[in-house]
Amino acid sequence: MREKGGTVIKIKDKIKNLNVVIGCPIGCRYCYARNNCRRFHITDDFNKPEFFENKLRLFESRQPKVFLLTGMSDLAYWKGEWIKKVLAKAAETPQNTYLFLTKRPEMLDIQTPSENVWFGVTVTCAAERGRIAALKSNVRAKHYHVTFEPLSDEVGQTDLSGIGWVVIGTETGSCRGKTPTQKSWAEGLAEQALSAGIPVFMKEDLCGILPESQMIQQFPKEFGL
């Protein structure tokens with residue numbers, strides 16, 4: 001676990017993307033996954049999510065790993081049968097930790113007792129704070145997390161009760177309409193989380209916005225990282 005003053009690490013070096021579903025119809029302006037899908041011709045239509053069930057075999061790793069399963073999709077647009085199969089396989093491989101993210105928690109209805117799955121929401125601005133409560137209402141699980149990325153507004157005071165991890169990041173690339181994250185926005189969220197005893201991970205793209213000496217990169221102890 002990197003604390004202030006250590007070498008800044010890239011989150012992808014610790015948490016591996018395993019895209020068992022590819023595709024999302026939301027159409028976010030800053031979506032890198034859509035661009036990658038088009039560039040590498042991964043699927044015919046990114047707006048129509050596809051399930052790659054054969055990738056579930058990669059859950060059977062001998063060494064414990066932490067996987068993000070929604071790097072190129074949104075959990076809200078997974079079919080129910082896909083969710084059931086993935087959660088069942090996750091339960092069979094307790095050595096690993098599995099992370100999910102959504103921007104549409106109100107569309108979900110999930111219940112799981114598994115200790116190794118974490119459900120999260122993406123919040124980019126103050127208007128989206130309600131997603132956190134919607135996640136906890138519609139997904140009954142052991143662990144929750146929130147990703148404030150790309151942070152494009154001052155989110156302000158936020159109810160983080162029940163949240164086990166907070167990630168903060170900014171928009172990268174040169175997309176038109178990009179809103180640079182302000183230092184105070186990131187610091188305000190980090191202070192709220194840390195005061196509540198919640199680990200905070202500032203993504204490497206915040207370097208330059210925040211001095212390297214002020215970058216905080218923590219993982220929940222459950223990840224074993």
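The values are calculated or read from the model by the stated rules, or taken from the named source; none is laboratory data. Everything numeric here is computed off the predicted structure, so don't read it as measured data. Reconstructed Cβ throughout: ideal geometry from the backbone, glycine too, with neighbour counts over all protein chains shown. The protein model used for the area step is the full one, side chains on, heavy atoms only, and it has no ligands, DNA or RNA in it. Shrake-Rupley method; radii C 1.70, N 1.55, O 1.52, S 1.80 Å.
Listed highest first by mean packing, meaning other Cβ atoms within 10 Å per residue, what order do 205-212, 39-46, 164-171, 182-189 come in?
164-171, 182-189, 205-212, 39-46
Which distance in nm do the two modelled labels at R39 and S161 give, with both placed 7 Å along the Cα-to-Cβ direction?
Label-label distance for R39 and S161, simple model: 4.3 nm.
Got a sec? Charge dipole of segment 77-225, +1 on Cβ for Lys and Arg, -1 for Asp and Glu; which of T181, I198, G224 is way out at the positive end?
Farthest along the dipole direction, towards plus: G224.
In terms of the Cα gyration tensor, with a ≥ b ≥ c the square roots of its eigenvalues, is segment 1-62 rounded because a/c is under 1.5, prolate because a/b exceeds b/c, or oblate?
Oblate, because a/c is 1.5 or more while a/b does not exceed b/c.
Using a ≥ b ≥ c from the Cα gyration tensor of segment 1-111 (square roots of the eigenvalues), is it rounded, prolate or oblate, where a/c under 1.5 gives rounded and otherwise the larger of a/b and b/c decides, a/b for prolate?
oblate
For segment 125-145 and segment 50-81, what is the centre-to-centre distance using only Cα atoms, to the nearest Å?
21 Å
Would you mind working out the magnitude of the charge dipole of the chain relative to its Cα centre, with +1 at each Lys and Arg C-beta and -1 at each Asp and Glu C-beta, to the nearest 20 Debye?
520 debye
Ordering I198, I9 from largest to smallest accessible area (1.4 angstrom probe), what's the sequence?
I9, I198
Given T124, T112, L68, which one lies farthest toward the positive end of the charge dipole of segment 56-125, if we put +1 on the Cβ of every Lys and Arg and -1 on the Cβ of every Asp and Glu?
Going by the charge dipole, the pick is L68.
Check segment 99-190 and count each lysine pair with an alpha-carbon distance under 25 angstrom, considering only pairs eight or more places apart or from different chains.
Total qualifying Lys-Lys pairs in segment 99-190 comes to 4.
Quick one: helix 80-92 against the long Cα principal axis of the chain, what's the angle to the nearest 10°, folded into 0 to 90?
Relative to the chain, helix 80-92 is tipped by roughly 80 degrees.
Where the accessible area of the chain is counted over protein heavy atoms with a 1.4 Å probe, how much of it, in %, is carbon and sulfur?
47 percent
Accessible area per residue for the chain in Å², computed with a 1.4 Å probe and the full protein assembly in place, what is it?
Counting only protein heavy atoms, the per-residue value for the chain is 49 Å².
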